[in-house]
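The structure appears right after this line, and notes come after that.
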Amino acid sequence: MNRFLVRLLFVCIICVSSSSLLVSCKAKGKVAEASKKEDSKELSAERIVKNHYANKIDFKTLYIKSSVKYEDEKQSQNLSAEIKIKKDEQILVSIRFLGITMAKALITPASVSYYEKLNGTYFEGDFSTLSKWLGTDLDYNKVQNMLIGQTLDDLTKGKYQDSLIDQSYRLEDLADSNTKKYFFFDKDLFLLNKQEISQTSENRNIEILYSNYKKYNENQLPADIGINAVQEKGKTSIDLEYNNITINEELNFPYSVPSGYKRILIK
């Protein structure tokens, strides 16, 4: 159970956790248009990006109660999670089993901290430490975006090829030949349906799926998030079902490591 909890925490903290998949890719340039359109209704990549970001996520705080299902090739677990977000400032994730808090993680733009009860351990560090350890460029915005149905990358700073796939607009990142990134959008509202990142040479792939969007104070937020990761060690899937979302209420972010816990160092 301890290994599972730590793995789940890292998924909540950095979107893809132990898959160690994402690779830093700081592309610059204008959005590219496709040279060939599949039908007359297809839009350019530039228009797709513009329409997607027209779905503004305007909030001060979010309070999310979520059911969590974790499954890999050895085990399956059902838990609950409480997620508190103060926009652009901090995220507090509490993982519970049978109503008991088993682990907590506090994420800010400057730091990442967590503790778990089973082994009495905790971690304190920053995104640069985790980025070096996992081999991926991480930051606070990527974590926040993953939880609210926004793209991990800032699409206004990339170069993309657009296409129409299964009635969804797809943008393909053209920046890195080894790492492939795809973003899929609903044709009508341009909400994010899926983002996928793969490294074929490393046999690594992750997809994050979004569905069942609901409106909260004019904000469209997903009620279901599915994370599927594949690597040489096996497959991992995590399903988050947002059972209740409260927006713009006053929130507290209590976090303190219990006395006697042992600090984990990541080298």
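What follows draws every value from the coordinates through simple rules; no lab data is involved. The structure displayed is predicted, hence computed values, not measured ones. Ideal geometry is used to build each Cβ from the backbone, glycine not excepted, and the neighbour counts take in all protein chains shown.
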Note on the range 76-224: the mean projected area of its alpha-carbon convex hull, in nm², is 11.3
Simple SL model, points at 7 angstrom along Cα→Cβ for Asn141 and Glu89; separation in nm is 2.0
Between Lys194 and Ser111, Cβ-based FRET efficiency (R0 35 Å, step 0.05) works out to 0.70
Phi angles of the range 191-207, converted by Karplus (6.51 cos²θ - 1.76 cosθ + 1.60, θ = phi - 60°) into ³J(HN,Hα) in whole Hz with x for Gly and Pro, give 7, 6, 8, 6, 10, 9, 9, 9, 10, 5, 5, 9, 6, 10, 8, 9, 10
Given 235-246, 153-164, the highest-first ranking by average Cβ count within 10 Å works out to 153-164, 235-246
A correct Karplus calculation of ³J(HN,Hα) over the range 113-119, with 6.51 cos²θ - 1.76 cosθ + 1.60, θ = phi - 60°, whole Hz and x for Gly and Pro, returns 9, 7, 9, 9, 7, 4, 9
Too long for a 20 Å Cα-Cα cut-off, among Lys56/Lys142; Lys65/Lys214; Lys65/Lys233; Lys214/Lys235; Lys159/Lys180; Lys56/Lys187, are Lys65/Lys233; Lys214/Lys235
Per the charge dipole of the range 145-267 (beta-carbon charges, Lys/Arg positive, Asp/Glu negative, Cα centre), the residue among Gly149, Ile225, Ser259 reaching farthest to the positive end is Ser259
